[in-house]
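The values are calculated or read from the model by the stated rules, or taken from the named source; none is laboratory data. All values derive from a computational prediction rather than experimental measurement. Virtual Cβ from ideal backbone geometry, glycine too; neighbours counted across all protein chains shown.
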Amino acid sequence: MNELGLILVGLLTGVLASLLGIGGGIVIVPALVALFGFEQLPAQATSLAVILPTAIVGTATNHRLGRIDVRLVSGLFLGALVGGFLGAQVAIGLDPLILRRLFAALLVVAAVRLYRKTELSGTAETGEIGGDG
């Protein structure tokens with residue numbers, strides 16, 4: 001395995017996570033599968049382990065700047081914790097090809113929705129919590 005390539009993927013992930021709030025799923029998983037020959041489940045598991053330190057650094061920085069709505073986080077936390085456990089259990093039982101296709105479909109749907117939302121809004125986002133999603 002090309003260690004320099006992995007370091008570069010990690011660097012790109014850290015930059016994109018801090019800049020755009022993305023990383024593990026959008027950068028690491030496809031890179032590990034397409035460039036380094038990982039199977040889907042090990043790529044996802046590796047992504048989760050790698051994104052943890054990135055999330056901690058980004059969270060600390062944004063919390064210090066007052067950008068985190070602690071009430072919102074506490075509401076999302078329990079659901080995300082339970083959902084993470086349940087999702088991992090389901091993923092383990094799925095055929096890797098089906099899992100990869102579901103992953104790709106989710107990325108396409110997210111990309112289309114983000115593109116359409118920015119195209120239709122025509123205005124800069126305010127950074128307010130909530131909105132019409």
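Considering Leu6, Leu32, Leu19, the condition of being farther than 20 Å from Val109 by Cβ, surrounded by fewer than 17 Cβ atoms within 10 Å (Cβ to Cβ) and free of Cβ contacts under 8 Å to residues at least 60 places away in the same chain is satisfied by Leu19 alone.
Going by the conditions given, is Leu102 surrounded by 12 or more Cβ atoms within 10 Å (Cβ to Cβ), of a type outside the set (Gly, Ala, Ser) and free of Cβ contacts under 8 Å to residues at least 12 places away in the same chain? Yes. Considering each of Ile68, Ile51 in turn, give the residue that is outside any helix (DSSP H, G or I), within 24 Å of Leu114 (Cα to Cα), out of contact with any strand residue (DSSP E or B) (no Cβ under 6 Å at 6 or more places or on another chain) and of a type outside the set (Gly, Ala, Ser). The conditions single out Ile68. Would you mind stating whether Thr118 is exposed (fewer than 13 other Cβ atoms within 10 Å of the Cβ), assigned to a helix (DSSP H, G or I) and touching a residue at least 12 places away in the same chain (Cβ under 8 Å)? For Thr118, the condition - exposed (fewer than 13 other Cβ atoms within 10 Å of the Cβ), assigned to a helix (DSSP H, G or I) and touching a residue at least 12 places away in the same chain (Cβ under 8 Å) - is not met. Taking first residues from segment 60-75 that are exposed (fewer than 10 other Cβ atoms within 10 Å of the Cβ) and at pLDDT 90 or above and partners that are hydroxyl-bearing (Ser, Thr, Tyr) and in a helix (DSSP H, G or I), no Cβ contact under 9 Å between residues at least 6 apart in sequence or on separate chains turns up.
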